[in-house]
Amino acid sequence: MGKVWKYGDDVNTDVIFPGKYTYKIMSDGEMASHALEDLDPNFAKNVKLGDVIVAGKNWGYGSSREQAVKCLKAAGVKAIIAESFARIYYRNCINLGLPAITLKKEDIAKFDAGDEVDVDIEKGIIINKSKGFELHFPPFEGYVMDIIKAGGIIEYIRKSKEKN
């Protein structure tokens with residue numbers, strides 16, 4: 001269980017992970033310390049393991065940099081829930097093992113910043129404990145779920161090779 005960090009439409013990768021850091025070699029923790037710093041200076045200082053981002057449409061548009069996903073995962077974000085995702089950002093989420101969940105606009109509107117939520121990606125359920133409701137979404141299927149559960153595509157491939 002974690003709390004909701006809520007943002008609007010059209011949050012781009014430069015806002016999620018500032019472009020000025022793109023070519024610096026950083027540890028995951030250093031990347032996490034710069035997550036959303038231009039949009040929400042309190043995010044990196046206060047995000048906790050298990051927290052969830054809820055956003056509007058077109059989350060993650062812009063450059064294809066993986067750091068814009070990696071910094072959020074390293075910060076402890078359990079899932080990103082949005083009305084829609086930029087195509088490459090969505091794929092980067094899956095490749096790095098961070099669930100990217102799409103909900104309708106009216107369902108996104110039901111969340112407020114600070115709500116306590118629990119996300120069960122296997123059952124496809126989001127429970128808002130602060131407001132006493134639950135929403136359903138189609139669970140990830142097949143190998144996509146396996147990639148997320150493995151922690152990303154690299155770990156998924158590594159584990160697949162170990163089995164053989």
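Please verify whether the stretch 28-36 includes one or more residues that are in contact with a strand residue (DSSP E or B) (Cβ under 6 Å, 6 or more places away or on another chain), in a loop (DSSP other than H, G, I, E, B) and surrounded by 13 or more Cβ atoms within 10 Å (Cβ to Cβ). No, the stretch 28-36 contains no residue that is in contact with a strand residue (DSSP E or B) (Cβ under 6 Å, 6 or more places away or on another chain), in a loop (DSSP other than H, G, I, E, B) and surrounded by 13 or more Cβ atoms within 10 Å (Cβ to Cβ). For the stretch 35-76, a residue qualifies if it is small (Gly, Ala, Ser) and in contact with a Ser or Thr (Cβ under 7 Å, 6 or more places away or on another chain), and the qualifying residues are ALA44, GLY60, GLY62, SER63, ALA68. Considering each residue of the stretch 38-57 in turn, at least one proves to be in contact with a helix residue (DSSP H, G or I) (Cβ under 6 Å, 6 or more places away or on another chain) and of a type in the set (D, E, K, R).
Taking the criterion of being within 20 Å of ALA74 (Cα to Cα) and aliphatic (A, V, I, L, M), the residues of the stretch 119-143 that qualify are VAL119, ILE121. Taking the stretch 105-164 only, how many residues are on the phi > 0 side of the Ramachandran plot and out of contact with any strand residue (DSSP E or B) (no Cβ under 7 Å at 6 or more places or on another chain)? Count: 4. Is it the case that some residue within the stretch 50-60 is modelled with pLDDT under 95, among the basic types (Lys, Arg) and farther than 20 Å from ALA150 by Cβ? No: zero hits. As for the stretch 4-18, it holds at least one residue that is within 20 Å of LYS110 (Cβ to Cβ), surrounded by fewer than 21 Cβ atoms within 10 Å (Cβ to Cβ) and either at pLDDT below 95 or hydrophobic (A, V, I, L, M, F, W, C) (or both).
The values are calculated or read from the model by the stated rules, or taken from the named source; none is laboratory data. Computed from a predicted model, the values in this text were never measured in an experiment. Neighbour counts are summed over all protein chains in view; Cβ atoms, including those assigned to glycine, are modelled from backbone coordinates with ideal geometry.
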